Amino acid sequence: MAVQPFGGPETEPLRRQVASIVGKHGFRVLTSLVSVSGTSQYPGLAKDKNLSAFVVADVVEKGTRVSLSFLIWQGMDGSVLGRWELAGPKKQIARRLGKEFWKRLGSVIEKAMAPPSDYLPPAPPMRINAGTPIKDSTDPT
């Protein structure tokens, strides 16, 4: 799962909080990907990095209020799986995000699917018993 950089001013603490929430629910979280220029890039990135979904958010500040708009994009085909908006006073937004993010988007994230991988793991070792050798009729022994 990738948690993309959020659009807006001073968003890194909120992004780290979302990455932490997702990670605490058993997901491997990737935060090193830069924002993409178009959503058509999601399936290719998801395949290359084995990602099931992308969490994207825009943050808008108006005075002492903050508004966050979240989108969850599925890795397999780049479709939108879920949306959620959160707004409130700046001082309360982190607490509300911690309480409500997984309740609102957790079920969507759990359903997200990564594209099939081209990687084939090594085959497990196996022992094959071909039976006893057949005696060759041209062999005099």
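Taking the range 46-70, which residues are surrounded by fewer than 18 Cβ atoms within 10 Å (Cβ to Cβ), out of contact with any helix residue (DSSP H, G or I) (no Cβ under 8 Å at 6 or more places or on another chain) and of a type outside the set (D, E, K, R)? Scanning the range 46-70 gives 50, 60, 63, 67, 69. Scanning the range 11-42 for residues that are free of Cβ contacts under 8 Å to residues at least 12 places away in the same chain and either part of a loop (DSSP other than H, G, I, E, B) or open to solvent by less than 40 Å² (accessible area, probe 1.4 Å) (or both) yields 23, 26, 32, 37, 38.
Among the strands (runs of 3 or more DSSP E) confined to the range 43-105, there are none with at least 3 residues that are touching an Asp or Glu at 6+ places or on another chain (Cβ under 8 Å) and among the polar types (S, T, N, Q). Here the range 29-80 is the region considered, the condition is being of a type in the set (D, E, K, R) and closer than 18 Å to residue 3 by Cβ, and the residue that is nearest to the chain's Cα centre (by Cα) is 49.
The values are calculated or read from the model by the stated rules, or taken from the named source; none is laboratory data. Treat the numbers as computed from the prediction; the structure is a model and nothing was measured. Cβ: placed from backbone, ideal geometry, glycine included. Neighbour counts: every protein chain shown. Heads up: the accessible areas ignore ligands, DNA and RNA and are worked out on the full protein's heavy atoms, side chains in. Shrake-Rupley method; radii C 1.70, N 1.55, O 1.52, S 1.80 Å.
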